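The values are calculated or read from the model by the stated rules, or taken from the named source; none is laboratory data. Here the structure is a predicted model, which means the values were calculated and not measured. Ideal geometry is used to build each Cβ from the backbone, glycine not excepted, and the neighbour counts take in all protein chains shown. Side chains included, ligands, DNA and RNA excluded: accessible areas come from the protein's heavy atoms. Shrake-Rupley method; radii C 1.70, N 1.55, O 1.52, S 1.80 Å.
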Amino acid sequence: MRSIELLSPAKNLDCGLAAINHGADAVYIGADKFGARAVAGNSIEDIASLVKYAHSYNAKTYAAFNTILNDEELEDARKLIWRLYEAGADALIIQDMGVLQMDLPPIAIHASTQTDNRTVEKVQFLEEAGFSQVVLARELNLEQIKNIASQTSVPLEFFVHGSLCVSYSGQCYISEAMVGRSANRGSCAQYCRLPYDLVDANGNVLMNDKHLLSLKDLNLSSHLEELLDAGVSSFKIEGRLKEADYVKNITAYYRQKLDRILEGSSLYKQASSGKTSFFFTPNPQKSFQRGETNYFLEGRNEQITSFDTPKSIGEYIGEVDKIGNNSLDITGNTTLHNGDGLCYVHDKGFEGFRVNRVEGKHLVLTQMPKLKKGTKLYRNYDIDFEKQLQGNSSERKIAIEIQFKEIENGFQLVLKDEDNNVLEYFCEAEKELAKNEEKALDTIRVQLGKLGNTVFAASVINIDLSKAYFIPSSHLANWRREAVEKLEQLRSSIYKVCLEKIYPTTHPYPEDTISYLGNVHNHLADAFYQQHGVTTIQSSFENENLDEVPLMYTRHCLKYSLGACNRFSENTEQKVAFSEALFLKQNDTLFSLEFDCENCQMLIKKSNFNEDDLSK
């Protein structure tokens, strides 16, 4: 059976613990350096605490180590990798191939999506190089995933939920070019979420002040079985900048979805231990989301962009029906609460407001937004739902069978957990016949079943005694507590971290030339590619700060959005008339757009023109 992993993000220790408690099979978290989210760093001590807790459920902790490294950072990086290994991390997620040239501990290495893993040949190369898991490019469709899986054996990881980078991961340099903040070094300035004008060759503004590179958020929750069949083994939730309430809700939502698929399956099994119960109803629309898209999973479609706002719009609740003085009436049947946050999109963008008091469909507001009848309203903050998440929102328990039986010098407790670990605990005691047989047996059963503060829950309690004996509750409680502690120690001692030493390889890289898109940023990375037969290696954009090269490669296409795509016949009726070429304008900066129709992608460059040039 194939182990199926639900992989959740952790901004910090609290988020990591929340992920495990809400059903994650693995968590990815950044250390204090070298992670692709520089502001989401954590101490080794916190990572070690997360590792220990995760391992109690046979869940894994992956260290996000996926930036490219300067030469002067290599030794610090090597030392940090060893510290992560000593803290018990199960794997490193890396982008920089220079890491493989280091003196590494025996730790599993995963290929970050930043390494641009979208072809069979690339994944085959990474597998042969020793990577034990590969994160595929988000832009792939089901057939492409299936094709890669059919020709490789390395476990494949795929994003199923969260924010989308508009560029192919690892292929975006616009932030570095404009403000010296490299996405490949964890400091992206998120130029994709800014407003732009779309301008044609004659200076005509085709779209004004829109977030033209901003995408909706990914939600593949209705495609999990298809992804399983295609060969995906790890389902990844984006969100290392998100807070714990997001992690709880989204992890719980996908845990429930996966549990329904895995239950009774002869093909797949859960990658970790324990079953999770939830004390709320998970709903992804109640956490941060810019609208939902399945991106390119089923091919190109129009439902991927969020031009009006890059902010969270939440769940649709209805329309404005009537407007009063500091109040409004709405349509729809959604139950609202005092303190809810609502929002709407208008011609000039996005606006939110707070509900002061709810009287059925009549809402009393403290400040009146500029609304009109028929405006669509969304709730992006559900105060009641947030309160549920702040409380005791889940419980994760590992099932154990408990047997209590009589032996010559007393009694024996036998604990067997769901992973078939068996612990035998001998309880020396004098045997005293019980005066009340039913009460004695009931006391034994009740005391042995009191596992509330542990990771365990009793699925079966068998009492195998020749006679009913009186045993003080304090004895039973002590025996149970000591036996459970020993079972926890047993589980910890036999937990198998994937100890995989990476050895140098020399198999050929799929290409003999690497451009700046290969992100070769240090001499070890350069040596790695030379070792694998690459003859021409261009240094990284961050090293060279190249002119007149594309700053972003994306499958999002504004020509397609205009209805001017020549490749997809269903979308050829032009919606907007324009004169080639096309430009994005942001304040006084122009970016030129190039359309690589053969590869179905759009390239963005910084333009040498200024606005006056367009009208000439």
Exercise for the section: Looking only at segment 138-146, decide whether some residue is of a type outside the set (Asp, Glu), over 26 Å from Ala252 (Cα atoms) and open to solvent by 10 Å² or more (accessible area, probe 1.4 Å). Expected result: yes
Practice task
Would you mind stating whether Lys372 is of a type outside the set (A, V, I, L, M, F, W, C), open to solvent by 70 Å² or more (accessible area, probe 1.4 Å), part of a loop (DSSP other than H, G, I, E, B) and over 25 Å from Asn283 (Cβ atoms)?
Solution key: yes
Problem - Matching residues, segment 44-59, being β-branched (Val, Ile, Thr) and out of contact with any Ser or Thr (no Cβ under 6 Å at 6 or more places or on another chain) - result: Ile44, Ile47
Practice task
Among the residues of segment 501-528, write down those that are open to solvent by 20 Å² or more (accessible area, probe 1.4 Å) and assigned to a helix (DSSP H, G or I).
Solution key: Leu517, Gly518, His523, Leu524, Asp526, Ala527
Problem - Elements of type strands (runs of 3 or more DSSP E) contained in segment 1-99, each with 1 or more residues being among the charged types (D, E, K, R) and at pLDDT 95 or above - result: 2-10, 60-65
Exercise for the section: State whether the residues of segment 70-92 include one that is closer than 20 Å to Cys188 by Cβ and within 17 Å of the chain's Cα centre (by Cα). Expected result: no
Practice task
Among what's in segment 466-485 and is crowded, with 17+ Cβ neighbours inside 10 Å and of a type outside the set (D, E, K, R), pick the residue that is farthest from Ala434 (Cα to Cα).
Solution key: Val484
Exercise for the section: Return the total of residues in segment 396-416 being loosely packed, with under 15 Cβ neighbours inside 10 Å and touching a Cys at 6+ places or on another chain (Cβ under 8 Å). Expected result: 0
Completion exercise
Within segment 243-269, residues surrounded by 22 or more Cβ atoms within 10 Å (Cβ to Cβ) and either in a loop (DSSP other than H, G, I, E, B) or not hydrophobic (A, V, I, L, M, F, W, C) (or both) come out as Tyr246, Lys248, Asn249, Thr251, Tyr253, Tyr254, Arg255
Exercise for the section: Collect the residues in segment 53-84 that are of a type in the set (D, E, K, R) and under 24 Å from Ile4 (Cβ atoms), keeping them in residue-number order. Expected result: Lys60
Fill in the blank from the handout: Flagged in segment 417-441 as part of a strand (DSSP E or B) and open to solvent by 80 Å² or more (accessible area, probe 1.4 Å), in numbering order, are Glu424, Phe426, Glu428, Leu433
Problem - Pair list, Cβ under 7 Å, 6 or more apart: segment 141-155 residue within 20 Å of Tyr168 (Cα to Cα), other residue outside any loop (DSSP other than H, G, I, E, B) and open to solvent by 30 Å² or more (accessible area, probe 1.4 Å) - result: Leu142/Glu226
Fill in the blank from the handout: Residue pairs within 6 Å by beta carbon, gap of at least six or interchain, first lying in segment 351-364 and open to solvent by 60 Å² or more (accessible area, probe 1.4 Å), second polar (S, T, N, Q), listed first then second, are Asn356/Thr366; Arg357/Asn338
Problem - Filtered residues of segment 87-108 (kept if touching a His at 6+ places or on another chain (Cβ under 8 Å) and open to solvent by 10 Å² or more (accessible area, probe 1.4 Å)) - result: Gly88
Exercise for the section: Tell me which residues, restricted to segment 22-45, are farther than 26 Å from Ser273 by Cα and among the acidic types (Asp, Glu). Expected result: Asp32
Exercise for the section: Could you list all residues from segment 183-218 that are among the hydroxyl-bearing types (Ser, Thr, Tyr), at pLDDT 95 or above and assigned to a loop (DSSP other than H, G, I, E, B)? Expected result: Ser214
Problem - Only listed residue being of a type outside the set (A, V, I, L, M, F, W, C) and within 30 Å of Tyr85 (Cβ to Cβ), chosen from Ser466, Ser493 - result: Ser493
Handout entry: Subset of segment 294-322 (residues that are outside any loop (DSSP other than H, G, I, E, B) and under 16 Å from Leu213 (Cα atoms))
Key = Thr305
Practice task
For segment 225-238, name all the residues that are touching a helix residue (DSSP H, G or I) at 6+ places or on another chain (Cβ under 6 Å) and open to solvent by less than 10 Å² (accessible area, probe 1.4 Å).
Solution key: Ala230, Ile237
Practice task
State whether one or more residues within segment 191-209 are under 20 Å from Arg138 (Cα atoms), crowded, with 22+ Cβ neighbours inside 10 Å and among the hydrophobic types (A, V, I, L, M, F, W, C).
Solution key: yes
Practice task
Confirm whether Gly341 is open to solvent by less than 70 Å² (accessible area, probe 1.4 Å), on the phi < 0 side of the Ramachandran plot, in contact with a Cys (Cβ under 6 Å, 6 or more places away or on another chain) and not β-branched (Val, Ile, Thr).
Solution key: no
Problem - So Ile471, is it in a strand (DSSP E or B) and either over 23 Å from Gln133 (Cα atoms) or modelled with pLDDT under 95 (or both) - result: no
Handout entry: Criterion: within 22 Å of Asp25 (Cα to Cα) and not basic (Lys, Arg) - qualifying residue of Asn409, Asn462, Asn478, Asn453
Key = Asn453
Practice task
Say whether the condition of being within 24 Å of Leu194 (Cα to Cα), open to solvent by 60 Å² or more (accessible area, probe 1.4 Å) and of a type in the set (A, V, I, L, M, F, W, C) is met by at least one residue in segment 288-310.
Solution key: yes
